[in-house]
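**Student:** This is the structure, below, for whatever I ask next.
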Amino acid sequence: MIGKNILKIRKKKGLTLTQLAEQANISKSYLSNIEREINDNPSIHVMEKISTVLGVDLKNLLATKPENPMLLESEWVELVKVLKESGIKIEKLHEYRSVFEFVKWQNNLVSSDMKKEADN
């Protein structure tokens, strides 16, 4: 995620990879590896250099939130539809927690029984 943030900001600022690397006093290949997320854990010192050249706060480069947090996985969307069609209101959802916990417990029990049978 850090690499994608750097790449996006660098392009918005109109800088080439070479320009940013030179101005931040880091190698072009190292910067390229960061942007392509081959190196996904650059030092804080390097990150500070890059953020200074890009003119952004370090926290903007380190931001890890998804590009669009409003996008949900299709399974969750489908679950919400099923719950809604079943007449379950969102404000009452907490009342079903014990049912969810029971199903989870039961599934774990069945899984462990199946594993024991497979081991025998």
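**Student:** When both residues are 6+ apart or on different chains and their Cβ atoms are under 8 Å apart, which pairs have a first residue that lies in region 92-106 and is within 17 Å of V80 (Cβ to Cβ), and a second that is surrounded by 10 or more Cβ atoms within 10 Å (Cβ to Cβ)?
**Tutor:** As it stands, the answer is L93/L83; Y96/I88, since those pairs meet every condition given.
**Student:** Step by step: first the residues of region 1-52, then only those that are charged (D, E, K, R) and more than 20 Å from A63 (Cα to Cα), then the one that is farthest from the chain's Cα centre (by Cα). Which residue is that?
**Tutor:** In this case the residue turns out to be E22.
**Student:** Given the residues L7, L15, which is the only one that is in a helix (DSSP H, G or I), among the hydrophobic types (A, V, I, L, M, F, W, C) and either touching a strand residue (DSSP E or B) at 6+ places or on another chain (Cβ under 8 Å) or touching a residue at least 12 places away in the same chain (Cβ under 8 Å) (or both)?
**Tutor:** L7
**Student:** What about L58, is it at pLDDT below 90, surrounded by 10 or more Cβ atoms within 10 Å (Cβ to Cβ) and not assigned by TED's automatic domain parsing to the domain that holds I9? Steps first, answer last, please.
**Tutor:** On the way: at pLDDT below 90: yes; surrounded by 10 or more Cβ atoms within 10 Å (Cβ to Cβ): yes; not assigned by TED's automatic domain parsing to the domain that holds I9: no.
Criteria not met by L58.
**Student:** Mind checking whether some residue in region 45-54 is modelled with pLDDT of 80 or more, loosely packed, with under 15 Cβ neighbours inside 10 Å and not charged (D, E, K, R)?
**Tutor:** Going residue by residue through region 45-54, those that are modelled with pLDDT of 80 or more are 45-54.
In the following step, the residues that additionally are loosely packed, with under 15 Cβ neighbours inside 10 Å were identified as 45, 48, 52.
Then keep just the ones that are not charged (D, E, K, R); that gives 45, 52.
There is at least one residue in region 45-54 that is modelled with pLDDT of 80 or more, loosely packed, with under 15 Cβ neighbours inside 10 Å and not charged (D, E, K, R).
**Student:** Which ones in region 8-21 are within 16 Å of S51 (Cβ to Cβ) and out of contact with any helix residue (DSSP H, G or I) (no Cβ under 8 Å at 6 or more places or on another chain)?
**Tutor:** K8, K11, K12, Q19
The values are calculated or read from the model by the stated rules, or taken from the named source; none is laboratory data. Please read all numbers here as calculations on a predicted model, not as lab measurements. Quick reminder, even Gly has a Cβ in these numbers, built from the backbone with ideal geometry, and neighbours come from all protein chains shown.
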